[in-house]
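Visitor: First the structure, then my questions, so here it is.
Quick note: the coordinates plus some simple rules give every number you see, no bench work behind them. What you are looking at is a predicted structure, and each value in this text was computed from that prediction instead of being measured. Here the Cβ positions follow ideal geometry from the backbone for every residue, glycine too, while neighbour counts run over all protein chains shown.
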Amino acid sequence: MTLHNQFQRDGFLVLEDFYTPEMCDRLMERALQLASSFERDTSYSVFQTRNQSATSDDYFLNSGDRVSCFFEKDAFDEHGELKQSLFQSLNKLGHAMHDLDEVYSAFTRSDRMKELVRELRMDHYVAIQSMHIFKHARIGGVVDVHQDSTFLYTEPESCVGFWFALEDATIENGCLWAKPGGHQTTLRSRFRRKDGGGTEMIVLNEEPIGITDMVPLEVKKGACIILHGHLPHYSQPNTSGRSRQAYAVHLIDPLAHYPADNWLRREHSTLRIL
């Protein structure tokens, strides 16, 4: 069975040993450099998939063509001070490293990736968003069950996520969970900009997404997991003593309509094919 047919059947693919440990280390080193250069002032943003509308701010909404730092929701004490070091308090970096940083661009647009998207018949797709997800030990928060097309909506829907394990991902440190064939369902909601400012979550289908049949996607460092935009998936908090860093990049079909009210905008950048 071809990778394309397997992806269409299951809604996800798991490719072990996609990248070498050295390439993963290079990305983690670069993330530390970028985070170390971040100067925190009175403006900062917290990222969470649950009720993201409540924490959407200008910093978040303007991050589509920047490299921005986002904190864990439990990173601050009651006085607004970080409970631990800045780096250990970060949830992720986003959302345009693949276009603005040479290290991330090389990782995203490698010959291996170009070969993969050709096999998946997505070689004309463009990379619209990237995230370096830290999932630090004992603070890395839950990522609630969601569908990626909720946040990167096109007409027709075309979003596909490529998730790279920069460290071993296990049940203990918060690996992904997904249901084989779970993409064969409708999109439940859409996250968009609201008239007059802010964001809102529009419910498209009130049927809840069940997680009883989901399986853990435990993978080794260097693995690539490909996720259909309709595939419900989630991850548990990292309560272990080991971090679970990952890099995710999302692709869309440039021939599809990208609504102007999508939260992520690339007004000052040109989207590039891999």
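Visitor: Would you compute, from DSSP H runs of 4+ residues alone, the mean residue ellipticity of the chain at 222 nm, taking -39500 (n - 2.57) per run and dividing by the full residue count, rounded to the nearest 500?
Guide: -5000 deg cm²/dmol, from helical runs alone.
Visitor: Rank by packing, highest mean first: peptides 156-169, 62-75, with packing defined as the count of other Cβ atoms within 10 Å averaged across residues.
Guide: 156-169, 62-75
Visitor: Which order do the peptides 114-127, 190-203 come out in when sorted by mean C-beta neighbours inside 10 angstrom, highest first? Don't skip to the answer; put the middle values down first.
Guide: Numbers: 114-127: 16.5, 190-203: 14.0.
Answer by packing, highest mean first, reads 114-127, 190-203.
Visitor: Restricting the calculation to Cα positions, tell me the Rg (one decimal) and the Dmax (whole number) of segment 3-266 in Å.
Guide: 17.4, 53
Visitor: If you count, for each residue, the other Cβ atoms within 10 Å and average over each peptide, how do 179-186, 140-147 line up from highest to lowest?
Guide: 140-147, 179-186
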